[in-house]
């Protein structure tokens with residue numbers, strides 16, 4: 001309930017396990033830290049079951065095969081999967097994929113070329129369906145998902161307006177990532193800035209923040225706008241109930257739609273999407289930034305950076321070289 | 001602000017106007033009373049401008065041509081249009097359509113074969129896109145729009161579950177209109193009843209109520225559900241701000257969408273839709289019920305019946321035979 005705190009976690013030291021027949025031992029190199037993790041700490045129905053009390057916390061990882069009794073995986077191979085918050089894992093290979101190190105730094109396998117990148121790609125293109133010339137507004141725009149959404153919007157011929165906290169992040173959006181405008185929600189009146197930067201209204205809003213910001217953007221929708229509901233990081237630690245969007249009747253007034261999605265619905269298209277995105281990266285059209293922290297001993301403060309807007313770029317935990 | 005009250009209106013008596021060149025004089029027979037009217041009493045941006053202070057209140061009417069200087073319109077013709085809350089109107093014919101009296105009683109031209117019927121038809125079919133076998137839930141199900149939504153859902157091979165207030169309305173839904181189930185929100189736990197009547201979740205929710213009811217249904221959505229936002233009658237008289245749907249993240253969890261629409265977007269398809277609906281009426285598959293009140297002197301109490309759930313069927317004001 002509420003913000004994750006130190007007493008919600010236990011750091012357990014155990015002997016490194018030995019893989020059995022059909023198994024392999026993995027050494028975690030990178031652990032991806034993502035907002036969805038908070039949801040897995042809640043009881044109740046969602047699109048994925050919660051983590052049980054005492055279980056290893058879930059998390060996307062890049063790991064290296066240390067020992068393998070599993071055909072197709074050899075020591076030294078790099079794999080991506082969801083082996084959780086641990087230094088070593090034993091796996092039978094289900095749900096893992098081999099990483100091609102030539103596509104980019106290994107950490108990108110859980111970043112721009114992994115789940116966050118796929119979230120941006122499928123959410124923007126499949127759900128948001130941007131058309132050239134439209135204005136796309138992105139919340140948490142310097143984050144792992146938002147930064148990719150804005151850059152793909154530009155690639156697709158849209159205007160990209162990012163919302164982020166502080167002049168450093170806003171400068172990064174316009175000067176390094178090519179956003180047309182950035183709105184600093186910590187120092188600007190977002191509604192006023194939106195009216196200025198989106199004089200014809202917002203055609204597409206990619207939301208992973210929710211709360212008051214969602215309401216402010218809803219008030220500025222253009223006719224036939226699409227609001228992509230990717231998440232609601234402002235609401236995940238609430239102890240007083242989720243804030244629903246009071247301005248949702250803007251959907252009626254503007255014949256607009258609000259649609260949620262789960263990136264895993266599009267798992268069959270990851271390969272194709274990753275190749276396209278790697279191409280954009282090679283061409284310099286798609287950049288990513290990582291915010292790297294070392295060691296589990298920094299928890300839960302490291303995880304909380306996400307909910308406090310303190311990370312700058314994709315938040316990653318580095319566990320080994 | 002708030003519920004319309006007597007002092008918000010003035011009943012003005014004037015001489016019956018004389019039509020000029022290119023005009024005709026219309027005698028109002030039927031005035032349709034609809035929830036959208038409350039929105040036209042608010043200042044601010046919407047899909048249509050508000051009624052000015054001192055202007056004739058807008059409203060859909062069925063009128064009879066009394067005198068005509070307009071080619072194509074002759075005394076005795078019946079026309080449907082938006083001539084407002086008045087006994088007589090002068091019109092140049094713009095925005096009016098002739099009514100074919102053979103399609104049904106004249107009042108249906110502002111009811112099941114008019115704007116409310118078109119709202120149900122286009123909202124359900126174009127926005128909701130029901131598939132055979134799906135479960136369609138309709139709020140305000142005995143009303144002008146809801147009753148048509150449920151019956152068309154049945155025609156399209158869906159299960160129809162209606163929500164209405166009181167045993168009389170609920171009995172009407174299941175016994176006369178062929179709904180599969182009805183939920184009495186005044187006497188039942190709606191969430192519990194929904195779980196019972198929609199064991200596989202709600203595939204399509206047609207909402208013109210909003211408020212707490214929207215939240216209850218959102219909590220029961222099936223995967224890939226559609227929520228059609230047609231209106232929010234529970235919120236139109238609020239003085240404390242619109243209640244946003246706290247459960248909107250159900251859209252994310254279920255990869256569902258919520259979409260608003262304005263019936264006028266589909267004006268070009270009214271003719272075709274009206275013919276199809278008249279065919280369903282003739283075949284006994286589509287029924288309508290009217291709640292008829294006589295005389296402006298009953299206002300605003302008559303209008304308030306809509307917001308208090310006191311009307312039973314399409315609310316109409318009869319002004320002349």
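Each reported figure results from applying straightforward, stated rules to the coordinates on display, with no laboratory input. Treat the numbers as computed from the prediction; the structure is a model and nothing was measured. We place every Cβ from the backbone using ideal geometry, glycine too, and count neighbours over all the protein chains shown.
Comparing A:293, A:16, A:190, which has the greatest mean-square fluctuation in the GNM of chain A with Cα pairs linked when under 10 Å apart?
A:16
Kindly identify region A:212-321 as rounded, prolate or oblate by the Cα gyration tensor criterion: order the square roots of the eigenvalues as a ≥ b ≥ c, call it rounded if a/c is under 1.5, otherwise compare a/b with b/c, prolate if a/b is larger, else oblate.
Oblate, since a/c reaches 1.5 and b/c is not below a/b.
Using 1/(1 + (r/R0)^6) with R0 = 30 angstrom and r between the beta carbons of residue A:320 and residue A:92, what's the FRET efficiency to the nearest 0.05?
0.85
Cα centroids of region B:151-206 and region A:57-118: how far apart, whole angstrom?
Centre-to-centre (Cα) distance: 49 Å.
Looking for one value pair here: nearest-to-axis residue in chain B (by Cβ) for the rotation onto A, and the distance in whole angstrom.
Of all Cβ atoms in chain B, the one nearest the axis gives B:244, 2.
Which value at 222 nm does chain A reach when only helices count, each DSSP H run of 4 or more adding -39,500 (n - 2.57), with the total divided by all residues and rounded to the nearest 500 deg cm²/dmol?
After summing the helix terms and dividing by the residues of chain A, the value is -5500 deg cm²/dmol.
Determine the shape class of region A:43-141: with a ≥ b ≥ c the square roots of the Cα gyration tensor eigenvalues, call it rounded for a/c under 1.5, and otherwise prolate if a/b is greater than b/c, oblate otherwise.
Oblate, since a/c reaches 1.5 and b/c is not below a/b.
Could you tell me what percent of the DSSP beta bridges with both partners in region B:177-283 are antiparallel, to the nearest 5?
0 percent
For helix A:146-155, what angle does its Cα long axis make with the longest principal axis of chain A, in degrees from 0 to 90 and rounded to 10?
The helix A:146-155 is inclined about 60 degrees to chain A.
Could you work out which residue, out of A:11, A:173, A:214, moves most in a Gaussian network model of chain A, that is, has the largest mean-square fluctuation with Cα springs under 10 Å?
Greatest mean-square fluctuation among the candidates belongs to A:11.
Relative contact order for chain B: what is it in percent, counting Cα pairs under 8 Å that are at least 6 residues apart?
18 percent
How do A:14, B:3, A:80, B:294 rank when sorted from fewest to most other Cβ atoms within 10 Å of their own Cβ?
Ranked by crowding around the Cβ, least crowded first: A:14, B:294, B:3, A:80.
Using 7 Å Cα-to-Cβ label points, what is the residue B:56/residue B:6 separation (nm, one decimal)?
2.5 nm
Just to confirm the numbers: residue B:310, label point 7 angstrom along the Cα-Cβ line, distances to the other copies in nm, shortest first?
5.8
Could you work out which residue, out of B:66, B:149, B:94, moves most in a Gaussian network model of chain B, that is, has the largest mean-square fluctuation with Cα springs under 10 Å?
B:94
Using Cα pairs closer than 8 Å and at least 6 residues apart in sequence, work out the relative contact order for region B:1-120, in percent.
Relative contact order of region B:1-120: 28 percent.
Placing a label point 7 Å from Cα toward Cβ, how far apart in nm is residue A:105 from its equivalents in the other copies, listed shortest first to one decimal?
Going from nearest to farthest copy, the values are 7.4 nm.
Which shape class applies to region A:123-228: rounded if a/c is under 1.5, otherwise prolate when a/b exceeds b/c and oblate if not, where a ≥ b ≥ c are the square roots of the Cα gyration tensor eigenvalues?
Taking the square roots of the gyration eigenvalues as a ≥ b ≥ c, region A:123-228 is rounded.
Using the count of nearby Cβ atoms within 10 Å as a rough guide to exposure, how do A:205, A:236 rank from fewest to most?
A:236, A:205
Rounded to the nearest 5, what is the percent of antiparallel bridges among the DSSP beta bridges in the protein assembly as shown?
45 percent
Copy-to-copy spacing for residue A:87, label 7 Å out on the Cα-to-C-beta vector, in nm, shortest first?
For residue A:87, the inter-copy label distances come out at 9.2 nm.
How far is helix A:270-282 tilted off the main Cα axis of chain A, in degrees rounded to 10, range 0 to 90?
Compared with the principal axis, the helix lies near 70 degrees.
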